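Visitor: Before anything else, here's the structure in question.
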Amino acid sequence: MSGAGLTQIVVYWLALLLLALPLGAYMARVYEGRATFAQRVLGPIERALYRMFGVRAGAEHGWRRYAVALMLFNVLGLVLVFLLQRVQLWLPGNPNDLPNVPPQVAWNTATSFATNTNWQAYGGETTMSHLTQALALGVQNFVSAATGMAVLVAVVRGFTRRHAEHVGNFWVDLTRSTLYILLPLSILLAILLVARGVPMTTGGHATAHLLQPAGHVDEQHLALGPVASQIAIKQLGTNGGGFYNANSAHPFENPTPLTNFFECLALLLIPAALCFTFGALVKNRRQGWGLFVAMFVLVLPFLILAVHQEAGNMEGKEVRLGESASALWATATTAASNGSVNSMHDSYTPLGGLAPMVLMQLGEVAFGGVGSGLYGMLMFAIVAVFISGLMVGRTPELLGKKIEAFEMKMATLAILVPCLATLAGTALACVAGETPGALANPGPHGFSEVLYAFSSQANNNGSAFAGLTASGDFYTTAGGICMWVARYWIIIPVLAIAGSLARKKTIPASAGTLPTDGPLFVVLLVGTVLLVGALTFVPALALGPIAEQLGGAP
Amino acid sequence: MTKDLLASLRPAAVALLAFTVLTGVVYPAIVLAVGQAAFSHTANGSLVVEDGRVVGSELIGQPFTEPRYFWSRPSATAPFAYNAMASAGANLAVSNPARREAVAQRVAELRAADPGNTDPVPLDLVTASGSGLDPDISPAAARFQVGRVARARGLPLERVRALVDAHVQGRTSGILGEPRVNVAALNRALDALR
C-alpha cells in the first residue's frame, strides 16, 4: 500500500466520524420530533402530507399494524416500478427510445429497488428511460431507505418503552426519514456532484466528433440524462443502483477523486450516524459508540486485506481513482449494503474479491443498509447476550429488557434467513442449466461469481461480480425471491421483537447485569457475528476464492 | 389483520403517489434547475467545443490507434471501444487465461509500435478500465509513449515530454486519487502544436 493510499483511507474514516456524529444527533432529534429548525421550514409539508394520507401524527399502532402498513406500501411500490418499466416506451421522458423492459428483468428490478438491494440485471443507460430512472427507481431509492430507517426507529421504541402496546406510526417514521434526512442530504450532494461534473439534463445524448476517427466509427455518442439526482440518493440511501452500467466507475457518475471521496463518504454516512442516533435515543451514548466500534472492528481486517491485495491490479479500475480508493470503496460498499461500485469486483484478485464477499455474508450488519444494518446488528446483539447469559447462568438482558424465548426465536430467524437464501440460491444455481452459459470466467472464479451473486441479493447489497449474465429466467427469478425473502423475512421478525420488547418492563441494572456498552460486549458481539458467518460460509468460500488463490495462475 | 390492511390502504396509496411526486419529480427538478442555472457546462456533459463543433467530453475517453497520438487504455465496451452509450468493464478474472492472453497481446502491440523502447510497460496501458471510458492514463503510461509520438510527428523529444508534464494532474489536495493525464486533452494540445 502506498503512503498516499494509506493517507486517503485514514482521512476518509476521520471525515466519516466527524460527519456521522452531528448527523446522528440531528436524526435523533428528528425522530423525537425536536428538530426545531428543520420543522419550521419543512413542517408545513410534513403536516400537509399527513392530511393527504389521512393519518394523525400522534396516532400510534402496535407492531402488527406497523408491519401491515409497511408491507402494503412496499408491495404497491414494487407493482408501480414493475408497471412503469413495462410501458416506458409509450411514456414521455425516453429520449433514447428505449424499449419496454422484458417482464423477468422488470420483476427482478422492481423487487431489487423496493428491497433497497439495487441489484441490476440490466445496463442502466441501455435499458431504463429517464422517466423510469427518476419516477420508478429514484423514488424507491428514497422510500426503501426510509422504510429501513422506520423499522429501526420502531425497534428503538421497543427498547425505550415499558408496558406499551404501540411501537409507532409507520407513516410518520417514513415521512420524517424522507423529508428531514434523505431529501436535504440528497439535494446537497447532488448539487455538489453537478458542480464537479456529473450531468443533470433532460437530454438523451450528445454527439461528438472523434479526434481520431477509427474505421467506420467517427462519432461518439455520449449518454446523458438526469444523472446527479440519481447518484446522490443511490449513495446516501445504501441503494447503489447506477444510472450507467459501469456505476460509479463511469466518469459521468464519478468524474474526479473529489466526487469519489464524497460519494464514498455518503455511502457509509447514514448507517454510521444511526449508531449515534441509537445511543441518543436510548439515552446511553456509550451504547452508540459501542455499536460503531464493533462495526468498525468487523470492517477493518477486510479493508486491509482488500487494499493490500489490490495494489498493482488495474484491471477493471479507473486511473483517476487508483487501487487504494477502489479497494476502500469495495469494502465500504459491501460493509454498507450499498452495492454501488467504482471498480469491477469480478476482476479483483481472489482474496481482494473475498473481502467484499465476506462482508456481505456477515449479514450486512457491519454498518449495513440505512436502518437495516443497525437492526440486523441488534439481532446479533440479542444472540450475543443470550450466549453470554448461558455462560454465567443468568437470564440475558439487553438495555434493561429481558431476552426470552420469543425474542431468541425471532432473532435467530432474522439471522439465518439470509444465510439460507444465499446458500440455497447458490446451490440451486450450480445445477441450473442456465449457469454454464452465464459465467464469464472459468474454474473456481466461475463459482465465485455465482456465490457472490446470491450473497449480494440475499443480503440486499446489489454489487456483483458483473461478468455473470444475470438477466436469464433462472437468475432473475431466484434472485428476486432471495431479495424479497432477505428483506421482509427479517423486517417482520424484527418488528415482532419490537412489539414484544415494548410490552416488557425495564429491569434496573444490577451487579449481575452484563454492561452492553463496554469493550467486553463489543468483543462478544464481533465474535458472534464472525462465528455465525464463518460456520455458515467457510465451506462455500473454500470452493470459490480460496481455491482460486491456492490454485495459482493456470 | 384485515382491519389493519383496510386501514392502511388509503395512506399506502396516497403516500406512494405523494412520494413519487416529491422524490421523483420535485427533487430531480430542483437539482436540474440549480444544475442548469449555475453549472450548465458540467450539467450538460462537460462538452469540449472547437470551431463550433463538439469534439468530445472532458470526462470521457476516446480511442486512439495511430502512432502520432497518445493511446488510451484498453476498453471493453461493445460493439466497439469507447462506446459511450454502453459503458462496461471486461470483468475478466485475474486467474482467467483469456486475461493473460489479452495482456500479452497488448504488450506485444505496444512493443511492435515502438521497437526501441525498453522501458517496462505501465500496467494501466494493458488492462481494461472499469467503465471502458477512462479518459486518463497514468503519467508513466504517457511518458512511455513519448518516443513513439515524437517520432511519428517529427517533433523533438523534449517538446513532447514537456507537453506531457504540463498535462499531468496531481492528486486532489495532494491526497485524493492518483496522478493522471487526460489523453484526449493531451492529443488536442499535440494537434495544436502544428
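Visitor: Would you point out which residue out of A:GLY369, A:GLY433 is out of contact with any helix residue (DSSP H, G or I) (no Cβ under 7 Å at 6 or more places or on another chain) and either surrounded by 24 or more Cβ atoms within 10 Å (Cβ to Cβ) or part of a loop (DSSP other than H, G, I, E, B) (or both)?
Guide: On the way: A:GLY369 fails: out of contact with any helix residue (DSSP H, G or I) (no Cβ under 7 Å at 6 or more places or on another chain).
Exactly one residue qualifies, and that residue is A:GLY433.
Visitor: Among (1) surrounded by fewer than 24 Cβ atoms within 10 Å (Cβ to Cβ); (2) touching a His at 6+ places or on another chain (Cβ under 9 Å); (3) at positive phi, there is one condition A:GLY225 misses while meeting the rest; what is its number?
Guide: (1)
Visitor: I'd like to check something: does region B:160-179 contain any residue that is within 10 Å of chain A (Cβ to nearest Cβ), surrounded by fewer than 22 Cβ atoms within 10 Å (Cβ to Cβ), polar (S, T, N, Q) and touching a Pro at 6+ places or on another chain (Cβ under 8 Å)?
Guide: Checking region B:160-179: at least one residue is within 10 Å of chain A (Cβ to nearest Cβ), surrounded by fewer than 22 Cβ atoms within 10 Å (Cβ to Cβ), polar (S, T, N, Q) and touching a Pro at 6+ places or on another chain (Cβ under 8 Å).
Visitor: Looking only at residues in region A:156-187 that are under 14 Å from A:ALA228 (Cα atoms), aliphatic (A, V, I, L, M) and within 11 Å of chain B (Cβ to nearest Cβ), which one is farthest from the chain's Cα centre (by Cα)?
Guide: Applying the filter and picking the extreme gives A:ILE187.
Visitor: Do you know which of the residues in region A:333-353 that are buried (at least 24 other Cβ atoms within 10 Å of the Cβ) and part of a helix (DSSP H, G or I) is nearest to the other protein chains (Cβ to nearest Cβ)?
Guide: Checked region A:333-353; the qualifying residue nearest to the other protein chains (Cβ to nearest Cβ) is A:ASP346.
Visitor: Within region A:188-207, can you find the residues that are at the interface with chain B (Cβ under 8 Å from one of its Cβ atoms) and either surrounded by 24 or more Cβ atoms within 10 Å (Cβ to Cβ) or among the hydroxyl-bearing types (Ser, Thr, Tyr) (or both)?
Guide: Initial filter on region A:188-207 (at the interface with chain B (Cβ under 8 Å from one of its Cβ atoms)): A:190-191, A:194-203, A:205-207.
Within region A:188-207, A:ALA190, A:VAL194, A:GLY197, A:VAL198, A:PRO199, A:MET200, A:THR201, A:THR202, A:THR207 meet the criteria.
Visitor: Considering region A:139-170 alone, what residues qualify as being under 30 Å from A:VAL450 (Cβ atoms) and of a type in the set (Gly, Ala, Ser)?
Guide: Matches in region A:139-170: A:SER144, A:ALA145, A:GLY148.
Visitor: Output the helices (runs of 4 or more DSSP H) that fall wholly within region A:104-192 and possess 2 or more residues being closer than 24 Å to A:GLY480 by Cα, or say none. So that I can check it myself, show each step before the final result.
Guide: Numbers: elements: A:124-127, A:139-160, A:170-176.
Ranges flagged: A:124-127, A:139-160.
Visitor: Sort through B:PHE70, B:PHE39 and tell me the only one that's buried (at least 20 other Cβ atoms within 10 Å of the Cβ), modelled with pLDDT of 95 or more and at the interface with chain A (Cβ under 8 Å from one of its Cβ atoms). Show your work before the answer.
Guide: Values: B:PHE70 fails: at the interface with chain A (Cβ under 8 Å from one of its Cβ atoms).
Of the residues listed, the single one that is buried (at least 20 other Cβ atoms within 10 Å of the Cβ), modelled with pLDDT of 95 or more and at the interface with chain A (Cβ under 8 Å from one of its Cβ atoms) is B:PHE39.
Visitor: Going residue by residue through region A:60-72, is there one that turns out to be out of contact with any Leu (no Cβ under 8 Å at 6 or more places or on another chain), in a loop (DSSP other than H, G, I, E, B) and either among the aromatic types (Phe, Trp, Tyr) or at pLDDT 95 or above (or both)?
Guide: Yes, region A:60-72 has at least one match.
Visitor: Right, next: Got a sec? Which of B:PRO28, B:PRO97, B:PRO11 is in contact with a strand residue (DSSP E or B) (Cβ under 7 Å, 6 or more places away or on another chain) and within 9 Å of chain A (Cβ to nearest Cβ)? Outline the logic, then answer.
Guide: Details: B:PRO97 fails: in contact with a strand residue (DSSP E or B) (Cβ under 7 Å, 6 or more places away or on another chain); B:PRO11 fails: in contact with a strand residue (DSSP E or B) (Cβ under 7 Å, 6 or more places away or on another chain).
Only one candidate passes the filter, namely B:PRO28.
Visitor: Looking for whichever is polar (S, T, N, Q), more than 13 Å from every other protein chain (Cβ to nearest Cβ) and over 21 Å from B:HIS167 (Cβ atoms) here; the options are B:THR118, B:THR127. Which one fits? If you could, list the steps in order and put the result at the bottom.
Guide: Values: B:THR127 fails: more than 13 Å from every other protein chain (Cβ to nearest Cβ).
Being polar (S, T, N, Q), more than 13 Å from every other protein chain (Cβ to nearest Cβ) and over 21 Å from B:HIS167 (Cβ atoms) holds for just one of B:THR118, B:THR127, which is B:THR118.
The values are calculated or read from the model by the stated rules, or taken from the named source; none is laboratory data. If you're wondering where the values come from, they're calculated on a predicted model, not measured in any experiment. Positions of Cβ are backbone-derived with ideal geometry, glycine not excepted, and every protein chain shown enters the neighbour counts.
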